[in-house]
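One structure is given below, encoded as structure tokens.
The values are calculated or read from the model by the stated rules, or taken from the named source; none is laboratory data. The structure displayed is predicted, hence computed values, not measured ones. In this analysis, Cβ positions are derived from the backbone assuming ideal geometry, glycine residues included, and neighbour counts consider all displayed protein chains. Accessible surface areas use protein heavy atoms only, side chains included; no ligands, DNA or RNA. Shrake-Rupley method; radii C 1.70, N 1.55, O 1.52, S 1.80 Å.
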Amino acid sequence: NKDMTAKIMQVPLHDPGCPRCAASIGVNTVWDEKMGAAVVDALKASGCTPEAAGTTTNKVTVAGHSMGGTFATLSVYKLHRLGFDVQLSWNLAGARPGNVALFDYINGKAFAAKRIVPMWLV
């Protein structure tokens, strides 16, 4: 799997918290240009905001299968970086959306203070 993702063009995520993190150019472009704003708008419309207060929450669980699983993993990273409190999430048979540094960040640093398992990869 590591060899497969090495052959896909990746772009840096420019994250000071993970300077070596990179994502597949296709998956990252779809999130940044089309999907990300729609997901965040839908979360906000349902009362889920990064700045939870009063009757809102900042907790979100992400799940996806196949290509949706690929986007679920990148979404966990992106929503976490936006300030949402990402709960234990699921990637069912999805591909890797990024490099080893991105997975090390998601599986280590990003959620280490909250739980041992950041995301189920099935």
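A compact table of results
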| read-out | value |
| --- | --- |
| Gained length - Leu92 relative to Thr56, 0.36 nm times residue gap less alpha-carbon distance | 10.1 nm |
| The chain, Cα convex hull volume normalised per residue, Å³ | 101 Å³ |
| Calculated FRET efficiency for the pair Ile8/His65, C-beta based, R₀ 22 Å, to 0.05 | 0.65 |
| Accessible surface of the chain [probe 1.4 Å, protein heavy atoms]: carbon and sulfur percent | 60 percent |
| Label-to-label distance, nm, for residues given as Leu82 and Lys114 (7 Å Cα→Cβ offset) | 1.4 nm |
| Residue range of the chain that is longest and free of trypsin sites (Lys or Arg not before Pro) which are both DSSP loop and sparsely packed (at most 10 other C-beta within 10 Å) | 8-114 |
| Charge dipole magnitude, Cβ of K and R +1, D and E -1 - the chain, Cα centre, debye nearest 20 | 240 debye |
| Residue-normalised accessible area of the chain, given per residue in Å² at a 1.4 Å probe | 56 Å² |
